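Presented below is the structure to which this report refers.
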Ligand code: TRP
């Protein structure tokens, strides 16, 4: 019997309900409806998402997406998590420490509760059949479509390279292969990834129309927008490890305390939660609230005239306490020699089997299985 979502949701891990950066109520409504469908029947969904291994994950990643991935996994949604190592090559100067970055990323995943027994963790460079899907997919998009992609344009504008590589230009098609090789129908991502998801849907639709009009091979995956909380870096700018303004999951308690002690606040002593007018102070309040599982207004009220000093002590304590078990797991896994490698090896193998199957189907549909 199918249970009504309202009656079951209280027993299930709750969707994060903090302040979000989602633009417009349409996106919010659409997301809420999708959430309901997931809660009602998690077995219908297959999640696929991933990250570029460019540095250690921080609190922005955690509350923006990692927590949600672990939640979906706990709901029983089958999940694939990708280490997007090829995509790092779109901006070559961050690819220097690739093996270390990959290992660190997988450790971060394991530490936050991504369970390799239930979630396939893989690197796309290791899955040959996935990469081969890029050829038929490339044939289904026009050069003009690639040139219009706003996220690629933005990345080109911020690239430290003198010229743009072909991979930079075509990586959204590669991303479509990442998503479609396992026929994922749900992709939890941030707003910046929406153009890529739109292209993925276009490719799925065109492939089906051209080669498999009766049955279709690929689903058109839906985006589940991360409820990215308005967490700022300690300097008041966008949180980013390379700017040294973010608490990494892998940092220790002292590093965390130092970073938060140096955080930007403002000259008003009384602490309030007012994101629009006091972004830095409010971001700190929100961070404490997220870690404490409380309402940010309440947290702010309690600190009140205690000022920035008490605010920072509260945040430091809340963050360190929240991250303690995550950090302990991370340290334990890091100490087991060969552990991360073996997890990745297993995940790669599983992903390869799935990709081979899809590629076989694709070959049959295209008339290229000889
Ligand atoms: N483009 C994503 C990013 O820059 C990473 C990524 C690669 C991804 N392939 C993906 C995300 C497939 C979701 C699905 O963060």
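A short reminder: the numbers here are calculations on the coordinates, not readings from a lab. Quick caveat, the model's predicted, so the values are computed rather than measured.
Based on alpha-carbon centroids, what's the gap between region 101-148 and region 299-333 in Å, whole number please?
34 Å
Let me have the relative contact order for the chain, percent, based on Cα pairs under 8 Å that are six or more residues apart.
Numbers: 532 pairs, mean separation 76.9, N = 370.
Contact order relative to length: 21 percent.
What's the center-to-center distance, using Cα atoms, between region 38-90 and region 235-297 in Å?
24 Å
Compute the Cα gyration tensor for region 68-143, then decide on rounded, prolate or oblate, letting a ≥ b ≥ c be the square roots of its eigenvalues: rounded whenever a/c is under 1.5, prolate when a/b is larger than b/c in the other cases, and oblate in all that remain.
In terms of gyration-tensor shape, oblate.
In terms of the Cα gyration tensor, with a ≥ b ≥ c the square roots of its eigenvalues, is region 253-332 rounded because a/c is under 1.5, prolate because a/b exceeds b/c, or oblate?
Values: a/c = 2.37, a/b = 1.77, b/c = 1.34.
Taking the square roots of the gyration eigenvalues as a ≥ b ≥ c, region 253-332 is prolate.
Under the classification rounded if a/c is under 1.5, otherwise prolate if a/b is larger than b/c and oblate if not, where does the chain fall, given a ≥ b ≥ c as square roots of the Cα gyration tensor eigenvalues? It would help to have the intermediate numbers written out before the result.
Numbers: a/c = 1.75, a/b = 1.61, b/c = 1.09.
Since a/c reaches 1.5 and a/b is larger than b/c, the shape of the chain is classed as prolate.
Between helix 24-40 and the chain, what is the angle of the helix's C-alpha long axis to the longest principal axis, kept within 0 to 90° and rounded to the nearest 10?
70 degrees
Any idea what angle helix 339-366 forms with the longest principal axis of the chain, computed on alpha-carbon atoms, 0 to 90 degrees, nearest 10?
It works out to around 40 degrees.
Angle check, please: helix 98-111 long axis (alpha carbons) against the longest principal axis of the chain (alpha carbons), in degrees 0 to 90, nearest 10.
The angle comes out at about 70 degrees.
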